[in-house]
Amino acid sequence: FRAYRLLVDANGHKINNNNNGFDPMLIIEKRIEKIKNVIDFVFSQCYDSCIASETMELLNRLAEAFMNDISLTNKFVNSEATAGALINIAARKCLNFDERLKKYNDYKKEFTLEYLAKILLNISSVSLRLYIKKLKEVINND
């Protein structure tokens with residue numbers, strides 16, 4: 001931690017020491033940055049403007065939730081799964097996903113749960129579903 005503090009101080013940043021010696025804002029910033037990098041990677045592979053803007057709005061809401069309760073960062077440790085869940089929730093909204101029929105009215109295979117899980121993010125669709133459920137609880141999305 002001392003070496004870390006020296007490096008941070010040398011770059012002109014201040015560390016807010018709390019009980020464990022880490023700045024909670026730094027933890028939140030790093031977690032959001034990792035998630036954003038994965039989102040950028042996904043959108044470099046396939047892009048939709050509606051889904052991109054909705055995803056960034058959801059990411060901002062998640063960042064606000066992190067600011068209000070830092071313990072939420074422990075629930076969203078996997079950045080790839082968090083990013084995939086954010087994109088899938090946004091895609092469901094933008095592509096008119098029918099929850100009752102479990103199908104998209106405006107179908108784009110690049111943003112389905114299976115495509116995001118297997119091809120782009122290399123995570124399981126089960127993990128993605130779990131993160132979608134967690135995100136819906138946190139960001140109060142219907």
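The values are calculated or read from the model by the stated rules, or taken from the named source; none is laboratory data. These numbers come from a predicted model, not from an experiment. Please note: Cβ atoms are built from the backbone with ideal geometry, for glycine as well, and neighbour counts cover all protein chains shown. Just the protein is used for accessible areas: all its heavy atoms, side chains included, with ligands, DNA and RNA removed. Shrake-Rupley method; radii C 1.70, N 1.55, O 1.52, S 1.80 Å.
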Which one of these does SER127 not meet: (1) closer than 14 Å to PHE76 by Cβ; (2) at pLDDT below 80; (3) not charged (D, E, K, R)?
(2)
Kindly check whether there is at least one residue in region 114-122 that is open to solvent by 90 Å² or more (accessible area, probe 1.4 Å), modelled with pLDDT under 85 and outside any helix (DSSP H, G or I).
yes
For region 17-43, enumerate the residues that are open to solvent by 50 Å² or more (accessible area, probe 1.4 Å) and at pLDDT below 90.
ASN17, ASN18, ASN19, ASN20, PHE22, MET25, LEU26, ILE27
Of all residues being part of a loop (DSSP other than H, G, I, E, B) and surrounded by 13 or more Cβ atoms within 10 Å (Cβ to Cβ) in region 50-108, which is modelled with the lowest pLDDT? Just the residue, please.
LYS108
